[in-house]
1. Here are some residues: SER160, SER156. Which one is over 30 Å from PHE237 (Cβ atoms), assigned to a loop (DSSP other than H, G, I, E, B), at pLDDT below 90 and in the same structural domain as ASP67 (by TED's automatic domain parsing)?
2. Residues that are surrounded by fewer than 13 Cβ atoms within 10 Å (Cβ to Cβ), at least 2 per element: which strands (runs of 3 or more DSSP E) completely within the stretch 81-144 meet that?
3. Spot the failing condition for ILE175; the list is (1) within 20 Å of the chain's Cα centre (by Cα); (2) within 17 Å of VAL61 (Cβ to Cβ), and only one is missed.
4. Within the group SER191, SER246, SER271, SER178, which residue is on the phi > 0 side of the Ramachandran plot, exposed (fewer than 15 other Cβ atoms within 10 Å of the Cβ) and either among the β-branched types (Val, Ile, Thr) or out of contact with any Leu (no Cβ under 9 Å at 6 or more places or on another chain) (or both)?
5. Of the residues that make up the stretch 237-252, is at least one out of contact with any helix residue (DSSP H, G or I) (no Cβ under 9 Å at 6 or more places or on another chain), farther than 18 Å from MET188 by Cβ and in a strand (DSSP E or B)?
6. Would you say ASP202 is at pLDDT 95 or above, among the acidic types (Asp, Glu), under 28 Å from ASN51 (Cα atoms) and part of a strand (DSSP E or B)?
7. Quick check on GLY195: is it at pLDDT 95 or above, among the small types (Gly, Ala, Ser), under 12 Å from ALA248 (Cβ atoms) and in a loop (DSSP other than H, G, I, E, B)?
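The values are calculated or read from the model by the stated rules, or taken from the named source; none is laboratory data. For clarity, every value in this text was computed on a predicted model and none was experimentally measured. Here Cβ is always computed from backbone atoms with ideal geometry, including for glycine, and neighbour counts include all displayed protein chains.
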Amino acid sequence: MKNRILKLMTFSVAIFMVACQESDNAIDAVFDGTTKGAIIRTVSLNSGEFNSYDLNSAFDVDIEVQDEQNGGLMEKVNVYLGFKGTEVLATTLTASSFTTGPFGLPRANIRVTLSEAVAALGLSSSQYTGGDALPVRLELVLTDGRVFSGDDASGSLQGSYFSSPFKYNTVIKCIPTSAVPGIYTIAMVDSYGDGWNGASVDVTIDGTTTSYTVTADQGANATHVVTIPAGASTMSFAYTNGAWDSEASYVISYTKLDGTSPQTALSDGPSSAGGTKVLSVCQ
(Lines give C-alpha, C1' and ligand atoms only; values in the text may rest on other atoms or scores of the structure.)
Protein backbone atom coordinates (compact mmCIF):
# COMPACT_ATOMS: atom_id res chain seq x y z
CA MET A 1 0.00 0.00 0.00
CA LYS A 2 2.82 2.39 0.95
CA ASN A 3 4.58 1.59 -2.33
CA ARG A 4 1.45 2.49 -4.29
CA ILE A 5 1.11 5.80 -2.44
CA LEU A 6 4.79 6.59 -3.00
CA LYS A 7 4.52 5.81 -6.73
CA LEU A 8 1.39 7.95 -7.01
CA MET A 9 3.09 10.90 -5.28
CA THR A 10 6.16 10.55 -7.51
CA PHE A 11 3.96 10.45 -10.62
CA SER A 12 2.04 13.56 -9.47
CA VAL A 13 5.23 15.50 -8.81
CA ALA A 14 6.51 14.56 -12.26
CA ILE A 15 3.30 15.77 -13.91
CA PHE A 16 3.47 19.03 -11.91
CA MET A 17 7.08 19.63 -12.96
CA VAL A 18 6.29 18.98 -16.62
CA ALA A 19 3.25 21.26 -16.44
CA CYS A 20 5.29 24.04 -14.86
CA GLN A 21 7.98 23.62 -17.47
CA GLU A 22 5.40 23.80 -20.26
CA SER A 23 3.83 26.86 -18.62
CA ASP A 24 7.19 28.59 -18.39
CA ASN A 25 7.88 27.77 -22.01
CA ALA A 26 4.53 29.26 -22.97
CA ILE A 27 5.31 32.48 -21.13
CA ASP A 28 8.74 32.62 -22.75
CA ALA A 29 7.12 32.13 -26.14
CA VAL A 30 4.77 35.04 -25.49
CA PHE A 31 7.60 37.41 -24.58
CA ASP A 32 10.06 36.16 -27.21
CA GLY A 33 10.63 38.93 -29.74
CA THR A 34 9.01 41.56 -27.53
CA THR A 35 11.03 44.79 -27.34
CA LYS A 36 10.79 47.43 -24.69
CA GLY A 37 9.90 50.94 -25.74
CA ALA A 38 10.93 54.38 -24.58
CA ILE A 39 9.00 57.39 -23.35
CA ILE A 40 9.36 61.13 -22.97
CA ARG A 41 7.76 62.12 -19.69
CA THR A 42 6.45 65.61 -19.03
CA VAL A 43 8.07 66.79 -15.80
CA SER A 44 6.56 70.28 -15.94
CA LEU A 45 4.54 72.09 -18.60
CA ASN A 46 5.62 75.64 -17.79
CA SER A 47 3.71 77.29 -20.65
CA GLY A 48 1.39 75.63 -23.12
CA GLU A 49 0.35 78.60 -25.23
CA PHE A 50 1.60 81.46 -27.37
CA ASN A 51 0.38 85.07 -27.21
CA SER A 52 -0.16 86.87 -30.51
CA TYR A 53 0.72 90.20 -28.84
CA ASP A 54 4.09 88.93 -27.60
CA LEU A 55 6.58 87.33 -29.99
CA ASN A 56 8.67 86.32 -26.97
CA SER A 57 5.81 84.27 -25.49
CA ALA A 58 6.82 80.63 -25.59
CA PHE A 59 5.88 77.00 -25.36
CA ASP A 60 8.02 75.78 -22.47
CA VAL A 61 8.25 72.25 -21.07
CA ASP A 62 10.67 70.23 -18.93
CA ILE A 63 10.97 66.62 -20.11
CA GLU A 64 12.57 63.38 -18.94
CA VAL A 65 13.57 60.42 -21.14
CA GLN A 66 13.32 56.82 -20.00
CA ASP A 67 14.27 53.66 -21.88
CA GLU A 68 15.46 50.17 -20.92
CA GLN A 69 18.92 51.60 -20.18
CA ASN A 70 17.67 54.56 -18.14
CA GLY A 71 18.12 56.98 -21.00
CA GLY A 72 21.35 55.42 -22.24
CA LEU A 73 19.82 54.55 -25.61
CA MET A 74 18.73 58.11 -26.40
CA GLU A 75 20.37 59.71 -29.41
CA LYS A 76 18.24 62.83 -29.79
CA VAL A 77 14.79 64.40 -29.41
CA ASN A 78 13.32 66.16 -32.44
CA VAL A 79 10.83 68.98 -31.87
CA TYR A 80 8.25 69.50 -34.62
CA LEU A 81 5.76 72.35 -35.06
CA GLY A 82 2.49 72.04 -36.95
CA PHE A 83 0.18 74.57 -38.56
CA LYS A 84 -2.95 73.85 -40.58
CA GLY A 85 -1.82 70.46 -41.84
CA THR A 86 1.87 71.20 -42.34
CA GLU A 87 4.69 70.24 -40.00
CA VAL A 88 8.32 71.36 -39.79
CA LEU A 89 11.32 70.45 -37.67
CA ALA A 90 11.86 73.35 -35.27
CA THR A 91 14.86 72.16 -33.27
CA THR A 92 16.75 69.07 -32.13
CA LEU A 93 18.07 68.22 -28.67
CA THR A 94 21.02 65.84 -28.73
CA ALA A 95 21.84 63.55 -25.81
CA SER A 96 24.66 65.86 -24.74
CA SER A 97 22.18 68.70 -24.10
CA PHE A 98 20.44 66.69 -21.35
CA THR A 99 21.42 66.68 -17.68
CA THR A 100 20.87 63.93 -15.13
CA GLY A 101 17.69 64.38 -13.10
CA PRO A 102 16.98 63.38 -9.48
CA PHE A 103 15.98 59.84 -10.53
CA GLY A 104 19.09 59.24 -12.62
CA LEU A 105 17.29 59.87 -15.90
CA PRO A 106 18.20 62.49 -18.53
CA ARG A 107 16.22 65.75 -18.36
CA ALA A 108 16.08 68.83 -20.57
CA ASN A 109 14.06 71.98 -21.16
CA ILE A 110 12.35 72.68 -24.47
CA ARG A 111 11.46 76.30 -25.16
CA VAL A 112 10.16 77.64 -28.46
CA THR A 113 9.11 81.29 -28.73
CA LEU A 114 6.33 82.49 -31.02
CA SER A 115 8.96 84.35 -33.04
CA GLU A 116 10.93 81.13 -33.54
CA ALA A 117 7.75 79.18 -34.34
CA VAL A 118 6.48 81.50 -37.08
CA ALA A 119 9.99 81.76 -38.55
CA ALA A 120 10.32 77.97 -38.70
CA LEU A 121 6.89 77.69 -40.31
CA GLY A 122 7.56 80.59 -42.69
CA LEU A 123 4.52 82.56 -41.53
CA SER A 124 3.91 86.29 -41.71
CA SER A 125 1.88 88.09 -39.04
CA SER A 126 -1.13 88.18 -41.35
CA GLN A 127 -1.17 84.40 -41.73
CA TYR A 128 -1.97 83.51 -38.12
CA THR A 129 -4.31 84.83 -35.46
CA GLY A 130 -5.72 84.05 -32.06
CA GLY A 131 -7.30 80.64 -31.78
CA ASP A 132 -4.98 79.05 -34.33
CA ALA A 133 -3.35 75.80 -33.23
CA LEU A 134 0.43 75.33 -33.30
CA PRO A 135 0.79 71.75 -32.04
CA VAL A 136 4.20 70.70 -30.76
CA ARG A 137 5.21 67.08 -31.41
CA LEU A 138 8.24 65.36 -29.90
CA GLU A 139 10.09 62.48 -31.52
CA LEU A 140 12.50 60.31 -29.54
CA VAL A 141 15.28 58.71 -31.63
CA LEU A 142 17.33 55.89 -30.08
CA THR A 143 20.87 54.86 -30.94
CA ASP A 144 19.61 51.51 -32.27
CA GLY A 145 17.51 53.30 -34.90
CA ARG A 146 14.11 52.99 -33.22
CA VAL A 147 11.89 56.06 -33.21
CA PHE A 148 9.01 56.84 -30.83
CA SER A 149 6.45 59.62 -31.15
CA GLY A 150 2.76 60.42 -30.71
CA ASP A 151 1.49 57.35 -32.57
CA ASP A 152 3.28 55.13 -30.03
CA ALA A 153 1.67 56.77 -26.98
CA SER A 154 -1.32 54.78 -25.74
CA GLY A 155 -3.86 56.13 -23.28
CA SER A 156 -1.94 54.66 -20.35
CA LEU A 157 1.23 56.50 -21.38
CA GLN A 158 -0.61 59.78 -21.83
CA GLY A 159 -2.22 59.57 -18.38
CA SER A 160 -1.09 61.22 -15.19
CA TYR A 161 1.29 58.39 -14.15
CA PHE A 162 3.57 58.41 -17.19
CA SER A 163 2.49 61.84 -18.50
CA SER A 164 4.00 61.02 -21.88
CA PRO A 165 1.81 62.55 -24.60
CA PHE A 166 4.65 63.20 -27.12
CA LYS A 167 2.32 65.90 -28.54
CA TYR A 168 1.09 69.16 -27.02
CA ASN A 169 -1.95 70.95 -28.42
CA THR A 170 -0.53 74.45 -28.21
CA VAL A 171 -2.72 77.37 -29.31
CA ILE A 172 -2.25 81.07 -29.96
CA LYS A 173 -4.01 83.31 -27.45
CA CYS A 174 -4.80 87.03 -27.78
CA ILE A 175 -3.84 88.55 -24.43
CA PRO A 176 -3.18 92.30 -24.75
CA THR A 177 0.12 93.51 -23.32
CA SER A 178 -0.79 97.17 -23.84
CA ALA A 179 -3.86 99.22 -24.72
CA VAL A 180 -5.87 97.87 -27.65
CA PRO A 181 -7.98 100.64 -29.19
CA GLY A 182 -11.62 99.76 -29.57
CA ILE A 183 -15.10 99.86 -28.09
CA TYR A 184 -15.59 97.71 -25.00
CA THR A 185 -19.20 97.08 -23.95
CA ILE A 186 -19.70 95.82 -20.39
CA ALA A 187 -23.04 94.04 -19.96
CA MET A 188 -23.71 93.52 -16.24
CA VAL A 189 -26.33 91.28 -14.63
CA ASP A 190 -27.55 90.93 -11.05
CA SER A 191 -29.54 87.72 -10.62
CA TYR A 192 -31.41 88.96 -7.53
CA GLY A 193 -32.30 92.29 -9.08
CA ASP A 194 -31.12 94.64 -6.33
CA GLY A 195 -27.88 95.92 -7.88
CA TRP A 196 -24.30 94.85 -7.36
CA ASN A 197 -24.09 95.80 -3.68
CA GLY A 198 -20.66 97.42 -3.83
CA ALA A 199 -19.12 95.34 -6.63
CA SER A 200 -17.74 97.05 -9.71
CA VAL A 201 -15.72 96.65 -12.89
CA ASP A 202 -12.84 99.10 -12.81
CA VAL A 203 -11.33 100.24 -16.11
CA THR A 204 -7.97 102.01 -16.04
CA ILE A 205 -6.77 103.85 -19.15
CA ASP A 206 -3.33 105.46 -18.99
CA GLY A 207 -3.54 105.64 -15.20
CA THR A 208 -7.09 107.01 -14.90
CA THR A 209 -9.62 104.61 -13.35
CA THR A 210 -13.39 104.66 -13.83
CA SER A 211 -15.65 102.23 -11.95
CA TYR A 212 -18.84 100.77 -13.42
CA THR A 213 -21.60 98.97 -11.52
CA VAL A 214 -25.28 98.07 -11.37
CA THR A 215 -27.03 100.44 -8.98
CA ALA A 216 -29.98 99.49 -6.80
CA ASP A 217 -32.21 101.64 -9.01
CA GLN A 218 -31.02 99.79 -12.11
CA GLY A 219 -31.79 96.53 -10.35
CA ALA A 220 -31.10 93.52 -12.55
CA ASN A 221 -28.78 94.83 -15.25
CA ALA A 222 -26.78 97.72 -16.68
CA THR A 223 -24.70 98.30 -19.78
CA HIS A 224 -21.66 100.55 -20.01
CA VAL A 225 -19.63 101.44 -23.09
CA VAL A 226 -15.92 102.20 -22.74
CA THR A 227 -13.86 103.54 -25.63
CA ILE A 228 -10.11 102.98 -25.65
CA PRO A 229 -8.78 105.69 -27.97
CA ALA A 230 -6.14 105.10 -30.61
CA GLY A 231 -3.54 107.07 -28.67
CA ALA A 232 -3.85 105.11 -25.41
CA SER A 233 -0.77 103.32 -24.07
CA THR A 234 -2.05 101.16 -21.21
CA MET A 235 -5.35 99.66 -20.13
CA SER A 236 -6.59 97.23 -17.50
CA PHE A 237 -9.92 95.76 -16.44
CA ALA A 238 -10.43 94.66 -12.84
CA TYR A 239 -13.27 93.36 -10.67
CA THR A 240 -13.89 94.72 -7.18
CA ASN A 241 -15.80 92.35 -4.91
CA GLY A 242 -19.09 93.35 -3.32
CA ALA A 243 -21.40 91.98 -0.64
CA TRP A 244 -23.19 89.50 -2.94
CA ASP A 245 -20.76 88.35 -5.66
CA SER A 246 -22.80 85.18 -6.15
CA GLU A 247 -25.45 87.38 -7.82
CA ALA A 248 -23.10 89.38 -10.08
CA SER A 249 -21.88 88.42 -13.54
CA TYR A 250 -20.79 90.35 -16.63
CA VAL A 251 -19.62 90.04 -20.22
CA ILE A 252 -17.17 92.39 -21.93
CA SER A 253 -17.61 92.57 -25.70
CA TYR A 254 -15.13 94.18 -28.08
CA THR A 255 -15.19 95.76 -31.52
CA LYS A 256 -12.63 97.85 -33.31
CA LEU A 257 -13.22 101.60 -33.35
CA ASP A 258 -14.90 101.21 -36.74
CA GLY A 259 -17.27 98.58 -35.34
CA THR A 260 -15.64 95.57 -37.04
CA SER A 261 -14.21 92.37 -35.50
CA PRO A 262 -16.94 91.86 -32.87
CA GLN A 263 -15.96 89.31 -30.22
CA THR A 264 -16.30 88.42 -26.55
CA ALA A 265 -13.26 89.63 -24.64
CA LEU A 266 -14.29 88.26 -21.24
CA SER A 267 -17.16 86.44 -19.57
CA ASP A 268 -16.93 86.42 -15.79
CA GLY A 269 -19.03 85.53 -12.75
CA PRO A 270 -20.98 84.82 -10.79
CA SER A 271 -18.73 84.65 -7.71
CA SER A 272 -15.85 86.24 -9.58
CA ALA A 273 -12.48 86.53 -7.89
CA GLY A 274 -11.42 90.11 -7.37
CA GLY A 275 -8.46 91.62 -9.16
CA THR A 276 -7.18 92.33 -12.65
CA LYS A 277 -8.77 90.31 -15.43
CA VAL A 278 -7.18 88.80 -18.54
CA LEU A 279 -8.97 89.78 -21.72
CA SER A 280 -8.86 88.04 -25.08
CA VAL A 281 -8.87 90.53 -27.94
CA CYS A 282 -7.89 89.17 -31.34
CA GLN A 283 -7.05 91.64 -34.09
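1. SER160
2. Where strands (runs of 3 or more DSSP E) fall fully within the stretch 81-144 and carry at least 2 residues being surrounded by fewer than 13 Cβ atoms within 10 Å (Cβ to Cβ), they are 86-94.
3. Of everything listed in (1) within 20 Å of the chain's Cα centre (by Cα); (2) within 17 Å of VAL61 (Cβ to Cβ), ILE175 misses just condition (2).
4. Working: SER191 fails: on the phi > 0 side of the Ramachandran plot; SER246 fails: on the phi > 0 side of the Ramachandran plot; SER178 fails: on the phi > 0 side of the Ramachandran plot.
That would be SER271, the only listed residue that is on the phi > 0 side of the Ramachandran plot, exposed (fewer than 15 other Cβ atoms within 10 Å of the Cβ) and either among the β-branched types (Val, Ile, Thr) or out of contact with any Leu (no Cβ under 9 Å at 6 or more places or on another chain) (or both).
5. From the stretch 237-252, those out of contact with any helix residue (DSSP H, G or I) (no Cβ under 9 Å at 6 or more places or on another chain) are 237-238, 240-252; that's our starting set.
Cutting the leftovers down to farther than 18 Å from MET188 by Cβ gives us none.
No: the stretch 237-252 contains no residue that is out of contact with any helix residue (DSSP H, G or I) (no Cβ under 9 Å at 6 or more places or on another chain), farther than 18 Å from MET188 by Cβ and in a strand (DSSP E or B).
6. yes
7. Yes; evaluated as a whole, the condition is true for this residue.
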